[in-house]
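Undergrad: If you scroll down you'll find the structure; I have some questions about it.
The values are calculated or read from the model by the stated rules, or taken from the named source; none is laboratory data. Quick caveat, the model's predicted, so the values are computed rather than measured. Cβ placement follows ideal geometry from the backbone for every residue including glycine, while neighbour counts extend to all protein chains displayed. All accessible areas refer to the heavy atoms of the entire protein, side chains included, with ligands and DNA or RNA removed. Shrake-Rupley method; radii C 1.70, N 1.55, O 1.52, S 1.80 Å.
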Amino acid sequence: MTINTEDLLNSIMESFDRIEYIRAEDIPNIDLYMDQVTTFMDRKLKQTTRDPENDKILTKTMINNYAKNNLLPPPVKKKYSKEHVLLLIFIYYYKNILSITDIQTLLGPITEQYFGTSEALNLEAVYREVFSLQEEQVERLKKDVLERFQDAEHSFRDVPEEKRDFLQKFAFICYLSFDVYVKKLLIEKVIDSFQGERDEKKK
């Protein structure tokens, strides 16, 4: 591949190093008004967006819609707790790959069992456990992306050089896209199993 594409790979690898999640201890232990919630989320996740200057992490309309769709328990006296923020972080990661219905199915049991409980296994404990695997997961992803890049680099070798760079980048995107497609199918299958279990319990 060309030097430009090598630079692209280096940029992708560097972006992995900038990936951070919001640690539970970074979230204020006091209840927040909606403006404070959106400001907090914006400050913590802005750099994960495609266009940090213009992209919005959360808006008031989004939060209101999440509450209307039962993704988020209603605020208390217009204030959102730390647990509300934890749920909003989950929603932020899910919303680009899952439907509202799937997010409801996934987060419904979590909210019912762990939101607002005084038990040791509460929503914050669930959040900490899930995200404790983040660093190891990032390293795996870096290795996987590098391997797919190298696979793409070996494609279209017989194509004229002026066309090869674009086609190799296209192949790279196809490899990554197929991975996303398959994982999305698997996620949906697991979510469907949750719904099936809940329907059986209701019977």
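Undergrad: Quick one: grab the alpha carbon gyration tensor of region 117-203, order the square roots of its eigenvalues as a ≥ b ≥ c, and give me rounded if a/c is under 1.5, else prolate or oblate depending on whether a/b is larger than b/c.
TA: Oblate, because a/c is 1.5 or more while a/b does not exceed b/c.
Undergrad: Another question, then. On the protein heavy atoms, probe 1.4 angstrom, tell me the percent of accessible surface of the chain carried by carbon and sulfur.
TA: Reported share for carbon and sulfur atoms: 53 percent.
Undergrad: Still on this model: Give the relative contact order (percent, whole number) for the chain; include only Cα pairs under 8 Å separated by 6+ residues.
TA: Values: 123 pairs, mean separation 45.2, N = 203.
Answer for the chain is 22 percent.
Undergrad: Using a simple spin-label model with points 7 Å from Cα along the Cα→Cβ vector, what separation in nm is obtained for residue 153 and residue 170?
TA: So the two model labels end up 2.2 nm from each other.
Undergrad: Mind giving me the nanometre distance, one decimal, between the label points for residue 193 and residue 93, set 7 Å out from Cα along Cα→Cβ?
TA: Label at residue 193, label at residue 93, 1.9 nm between them.
Undergrad: Using the Cα gyration tensor of region 73-158, with a ≥ b ≥ c the square roots of its eigenvalues, what is the shape: rounded (a/c below 1.5), prolate (a/b larger than b/c) or oblate (neither)? Intermediate values should be presented prior to the final figure.
TA: On the way: a/c = 3.54, a/b = 2.34, b/c = 1.51.
It is prolate, given that a/c is not under 1.5 and a/b is the larger ratio.
Undergrad: Got a number for the accessible area of residue 44? Probe 1.4 Å, square angstrom, nearest 10.
TA: Its accessible surface works out to 80 Å², give or take rounding.
Undergrad: Rounded to the nearest 0.05, what FRET efficiency is calculated for residue 117 and residue 53 with R0 set to 35 Å and r the Cβ-Cβ distance?
TA: According to the calculation, E is roughly 0.30.
Undergrad: Diagonalise the Cα gyration tensor of the chain and give the resulting equivalent ellipsoid semi-axes, square root of 5 times each eigenvalue, largest first, whole Å.
TA: 37, 21, 15
Undergrad: Give me the distance in nm between label points sitting 7 Å out from Cα along the Cα-to-Cβ direction at residue 128 and residue 178, one decimal.
TA: Spacing of the two 7 Å Cα→Cβ label points: 4.2 nm.
Undergrad: While we're here: Specify the angular offset, from 0 to 90 degrees and rounded to the nearest 10, of the alpha carbon long axis of helix 82-94 from the longest principal axis of the alpha carbons in the chain.
TA: Once rounded, one gets 30 degrees.
Undergrad: Quick one: net charge of residue 73's neighbours, Cβ under 14 Å, K/R +1, D/E -1?
TA: Once positives and negatives cancel, what remains is +2.
Undergrad: Filter the GluC sites (Glu not before Pro) in region 118-182 to those in DSSP coil with at most 14 other Cβ atoms within 10 Å of their Cβ, and list the result.
TA: Details: sites: 119, 124, 129, 135, 136, 139, 147, 153, 161, 162; in loops: 119.
Filter output for region 118-182: 119.
Undergrad: So, one more: Taking square-rooted eigenvalues a ≥ b ≥ c of the alpha carbon gyration tensor, is region 1-58 rounded, prolate or oblate, where a/c under 1.5 means rounded and, failing that, a/b exceeding b/c means prolate?
TA: It comes out oblate by the Cα gyration axes.
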